1. Work out how much length ASN231 to ILE92 would gain on full extension: take 0.36 nm times their residue separation and subtract the Cα-Cα distance, in nm to one decimal.
2. Please label the shape of the range 212-266 as rounded, prolate or oblate, based on the square roots a ≥ b ≥ c of the eigenvalues of the alpha-carbon gyration tensor (a/c under 1.5 means rounded; beyond that, a/b larger than b/c means prolate, else oblate).
3. What longest range of the chain stays clear of loop-exposed chymotrypsin sites (Phe, Trp or Tyr not before Pro) (DSSP non-H/G/I/E/B, at most 14 other C-beta within 10 angstrom)?
4. With a Förster radius of 22 Å, plug the Cβ-Cβ distance of SER224 and ASN204 into 1/(1 + (r/R0)^6) and report the FRET value to the nearest 0.05.
5. For the range 170-229, state which trypsin sites (Lys or Arg not before Pro) are in a DSSP loop and have at most 13 other beta carbons lying within 10 Å of their beta carbon.
6. State in Å² the accessible area per residue of the chain; use a 1.4 Å probe, count heavy atoms of protein chains only, and round to the nearest integer.
7. With +1 on the Cβ of every Lys and Arg and -1 on the Cβ of every Asp and Glu, and nothing else charged, how large is the dipole of the chain about its Cα centre, in debye rounded to the nearest 20?
8. Hey, what D do you get for the range 142-220 in µm²/s if you plug the Kirkwood alpha-carbon radius into Stokes-Einstein at 10 °C and 1.306 mPa s?
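The values are calculated or read from the model by the stated rules, or taken from the named source; none is laboratory data. Remember, it's a predicted structure, so these values are computed and weren't measured experimentally. Here Cβ is always computed from backbone atoms with ideal geometry, including for glycine, and neighbour counts include all displayed protein chains. Heavy atoms of the whole protein, side chains included, go into the accessibility calculation; ligands, DNA and RNA do not. Shrake-Rupley method; radii C 1.70, N 1.55, O 1.52, S 1.80 Å.
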Amino acid sequence: MHKHYDINLADGRSLALGRNPVVMGILNVTPDSFSDGGAFNLLDVAVAHAQQMIADGADIIDIGGESTRPGAAPVSTQEELDRVIPVIEALIAAGVTTPLSIDSYKPLVADQAIQSGATIINDVHGLLRAPQMAQVAALHNAPVIAMHWDNDRDQAKPILSEIERYFTRTIAVAESAGVSREKLILDPGFGFGKSLGDNYATLNATRMLTDFGFPLLIGTSRKSMIGRLLNNTTEDRLAGTIATNVLAYANGAHIFRVHDVRANRDALRVAAATLYGPPEEIR
Ligand code: 7PM
């Protein structure tokens, strides 16, 4: 059912991807993601949120300073560094050992983040935006989550073949920079340059994407592909998010990037017990 991969992280540790679903908790480090009551600053709130997600069972914490969002105003490199680096430093100083990924397509941000203790690069431009990104990954031996995002693609062509063509380019760029195939995790990029139909066709093609021969990450949490269908706001999209993740898991996906760690993890553990039986200890 699930292909197994052992991913070597930038610090030499290993992350097992296979039948056990891996939950990535989303940590947004942006001024609008906290309300300042005066007692806490952005850094304290971010660190506390990460620790709560770890307590809830997150296997990876994905740290983003919002360089990337479709439609959002771009953030300068310095601003992004000022947001994410202190959070990574604080988590490491607090003794956090949960692997940290850096959600950025900027090579300088990725480089600094890894030097501060992050061990995975999460690039929403699939190594294709900045030529130095693959070099940064190679330099640090960091695995890369390569997401599909191509606003300029031919809308007339089927989304699946477009995604596969894009990933073929990603793999070529990685290999020519010295990033081996074993370092890549692919992500079809839900909500990025895709119509509602594209998003669901992509989700329905999870098995084909896992057959491509790389671990697969799914990022649908609270996205408009759910909200437009259910006509609801971000805070009411958990049930829809769980549906997408359980279906993708049953079709071979490995990592699930979510806001609501506990609920998604519980659902995925029940799905895993259904496919593979309950854990040995309690069988
Ligand atoms: C506004 C628009 C705010 C979009 C946040 C977002 C993904 C990601 C994001 C994903 C990977 C969100 C997105 N989405 N990285 N970063 N995969 N690998 O909803 O789907 O979190 S940002």
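1. Working it through step by step, the gained length comes to 46.0 nm.
2. prolate
3. In the chain, the maximal stretch lacking such sites is 41-211.
4. Details: r = 18 Å, r/R0 = 0.80.
Calculated transfer efficiency: 0.80.
5. none
6. For the chain, the per-residue accessible area is 44 Å².
7. That gives the chain a dipole magnitude of about 800 debye.
8. Estimated diffusion coefficient is 124 µm²/s.
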